[in-house]
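Student: Take a look at this one; I'll ask things after.
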Amino acid sequence: MHSPSPVRVVSRRAVKPPPRPRERIPLTTWDLSLLSADYIQKGLLFAPPPFSTARLVDHLQAALADALAAYHPVAGRLATDQHRDDAGRVVGFSVSVDCAGQGVEILEAVAEGVAIADVLPPDADVPRVVQSFFPLDDGVNYDGHECPLFVVQVTELADGVFVGFVYNHALSDGTAFWDFISAWAETARATAARGAPVRALVARRWRGGAGRAPLRRPVWADREAYSAAAAATRADAALLGGVSGGAQGAGAAGAPGSRGRGRGGRGDEEVVFRASTNNRARLRPPLPAEYFGNAINAVSTEAVRASELLARGHGWAAAAVGRAVAAHGDAGIRARAAAWAAEPGLSAFRLFDPNGMFVSSSPRFDMYGCDFGWGKALAARSGKGNKYDGKVSLFPGREGGGGIDAEVVLAPEHMAALELDEEFWAAVSPPRRDTIS
């Protein structure tokens, strides 16, 4: 039995954007396919600000309200509409973001007796207390019909502060999410310019992704279906516990080979590597960089036997990933969107091949550029949402220079095997297991 969490919520505040005309933004196939997935859980650990936590929350709240003036969809809720034929029979459903300024939330919390050293132990897995830094821990994206699409928890530590972001993944992908966080941070730094829109965004959805056309199969008509798909993934994450670790360096590119060793795969088992790919620049014409929504697909390598993968090594595996990414273009993107619209389905990330690996997030996201006014973050961390055996999340290295932090989630026996892989440790830094550095 786990001990009670030392984190205690002391206040909860609603934050709303300035009034504006109400609008509906229809979700695309890219958005809809994520309704059964967990909320995004990302956060930044900071040194203590030169003022009280209460004042810090006031500061973040005011800046967030201003940022929401431009990023108004974040303050909305999901809404589902039924479409009926002339006889009154339901023939389809559509989901949209109802931008009525319903608001987001900021929670102020205290982690009794928890210090930065407890969050960043020198040689250990990600501590369980980190999970308590993220609210809506059991939320799936479909819950955005009732719950806020964005919730922030500001947790005071003994010698620092952790700002945890919980964000509805049906609203947008990581590119747009970190653009929003960056805009909020810019506003927080530029207190003299409050009230002005921080930056432009393109909220109008891609028409090639279903848009307003009702889908014929009501796969999201029942919240229980989404909860069931997500509950199994959360159960896996609970079993894994705090077994996620990080390694910095070139090892991220060679992760497929390392995974084959870590999983202890038999020679005749097939291994597949998948990675999220940004579709914005791949479409013709391309979507603008400011496109606010999901514009991602998972690209896959060809299946390869574990024995062949281990024999060929990291370089061959990295080249296979490169070929899969290069082959992902406009025609394939549109074909996949059309296929999903014809046969919608639920996303359950854990249902990817049990011997495969999935890489998400990106070292291109400017996480450490999100300075809210008292300095650069000490570390970036994520919660247990959308985690399962074989999931890897990539973050930029704090010191820049092309460094990559890789958060690896493996079952305990698989992590133990990976720790014995000399080829893996030769490709990363530091050259030993130092999961939180």
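Student: If you keep only loop residues by DSSP, which chymotrypsin sites (Phe, Trp or Tyr not before Pro) in the range 4-65 have at most 16 other Cβ atoms within 10 Å of their Cβ?
Tutor: Passing both the DSSP loop test and the Cβ count: Phe51.
Student: Amide H to amide H, which residues 5 or more places from Ala124 or on other chains are under 5 Å from it, using H placed in the peptide plane?
Tutor: Those lying under 5 Å, H to H, from Ala124 are Thr435, Ile436.
Student: Starting from the amide H of Ala109, placed 1.01 Å from N in the peptide plane, find each other amide H under 5 Å away whose residue is 5 or more places distant or on another chain.
Tutor: Sorted by chain and number, the residues that satisfy this are Val10, Val154, Thr155, Glu156.
Student: Test of the criteria: in the range 271-348, which GluC sites (Glu not before Pro) are in a DSSP loop and have at most 12 other Cβ atoms within 10 angstrom of their Cβ?
Tutor: When the GluC sites (Glu not before Pro) of the range 271-348 are filtered for loop state and at most 12 Cβ neighbours within 10 Å, Glu302 remain.
Student: Same structure again: Pop out the ³J(HN,Hα) list for the range 287-303 in order, Karplus 6.51 cos²θ - 1.76 cosθ + 1.60 with θ = phi - 60°, rounded to Hz; leave Gly and Pro as x.
Tutor: 6, x, 4, 7, 3, 9, x, 7, 9, 9, 9, 9, 9, 10, 7, 5, 5
Student: Scan the range 68-165 for trypsin sites (Lys or Arg not before Pro) in coil per DSSP, keeping those whose Cβ has at most 12 other Cβ atoms within 10 Å, and list them by number.
Tutor: Here the trypsin sites (Lys or Arg not before Pro) that fit, given the DSSP loop and packing criteria, are Arg89.
Student: Just to check I understand the Karplus step: with θ = phi - 60° and J = 6.51 cos²θ - 1.76 cosθ + 1.60, what whole-Hz values come out for the range 30-47, glycine and proline as x?
Tutor: The phi angles translate into 4, 6, 4, 5, 9, 4, 8, 7, 6, 4, 5, 10, 10, x, 10, 9, 10, 5 Hz.
Student: Listed here are the pairs Lys42/Lys376; Lys16/Lys384; Lys16/Lys391; which of them are more than 24 Å apart at the Cα?
Tutor: Lys16/Lys384; Lys16/Lys391
Student: Continuing with the same structure: List every residue whose amide H lies under 5 Å from the amide H of Asn297, counting only residues 5 or more places away in sequence or on a different chain, with H placed 1.01 Å from N in the peptide plane.
Tutor: HN-HN under 5 Å from Asn297: Thr277, Asn279.
Values in this text are rule-based calculations from the coordinates and carry no lab data. In this text the structure is predicted, and so the values were computed from the model without any measurement. Positions of Cβ are backbone-derived with ideal geometry, glycine not excepted, and every protein chain shown enters the neighbour counts.
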